[in-house]
Amino acid sequence: MENPTKGLLIALLLCGTCGSALAGSSTGSLSITATVAQTCSVSATSTLAFGAYDPVVANASSALTGTGSVSIKCTKGSSGITIDLDAGAHVSGTQRRLQGATVTTDFLNYGITQPATTSPWTSCAGSTVWGSTVGGSVYTPSGVTWSAAAAQAFTVCGSVPAAQNISAQSYSDTVTVTVNF
């Protein structure tokens, strides 16, 4: 007869090897991806406020000028950005107009021009009409470091032509800003 301890020992050894044969490991890789879209938004605007227009004395022969601004945020590294201003709510042909608040049939003509250069921080020395729907063009800024964290402010230059025969009242209009990217 065989030794029972020897048989038990052989059985335990075989069972231990069986467990080891079934255990193991393997490695692989998981790819992770993301896409950041180029996007822009109008983050703020400041009113283009002309102030008091005096067609009798001060503005009888000189236009009334004013400035406002449009602030835009775009994805870091964006390119090909253009900014367009529509004709406003009271346009007639290619002429932007402010509408009277009391006598709504009275309109005060005005224009908006782009800054003199394509940099956003320039003065209003330019004469290019800003707006593709009023015979002008879109504004294509250059030299701008776009950032989703910091808005870029672009000067909006405006003028009300001299010697308009209009009623004494307040006038207003709304222009839509479109950022193309």
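A few remarks follow.
- Scanning region 166-180 for residues that are of a type in the set (A, V, I, L, M, F, W, C), over 14 Å from the mean Cα position of the chain (by Cα) and surrounded by 16 or more Cβ atoms within 10 Å (Cβ to Cβ) yields Ile166, Val175.
- Pick from region 118-129, criterion surrounded by fewer than 15 Cβ atoms within 10 Å (Cβ to Cβ) and of a type in the set (Gly, Ala, Ser), ranking: farthest from Ala63 (Cα to Cα): Ser119
- Residue within region 130-143 that is of a type outside the set (Val, Ile, Thr), modelled with pLDDT of 95 or more, part of a loop (DSSP other than H, G, I, E, B) and open to solvent by 60 Å² or more (accessible area, probe 1.4 Å) present: no
- Residue list for region 144-165, restricted to those being open to solvent by less than 40 Å² (accessible area, probe 1.4 Å) and of a type in the set (A, V, I, L, M, F, W, C): Val144, Trp146, Phe154, Val156, Cys157, Val160, Ala162
- All positions within region 94-116 that are without any contact (Cβ under 8 Å) to a residue 40 or more places away in the chain and over 19 Å from Thr133 (Cα atoms): Thr104, Thr105, Ala116
- Subset of region 88-117 [loosely packed, with under 14 Cβ neighbours inside 10 Å and part of a loop (DSSP other than H, G, I, E, B)]: Gly93, Thr94, Ala101, Thr102, Val103, Thr104, Thr105
The values are calculated or read from the model by the stated rules, or taken from the named source; none is laboratory data. Remember, predicted model here, so these are calculated numbers, not experimental data. Note that each Cβ is placed from the backbone with ideal geometry, even for glycine, and that neighbours are counted across all protein chains shown. In case anyone asks, the SASA skips ligands and DNA or RNA and just uses the protein heavy atoms, side chains included. Shrake-Rupley method; radii C 1.70, N 1.55, O 1.52, S 1.80 Å.
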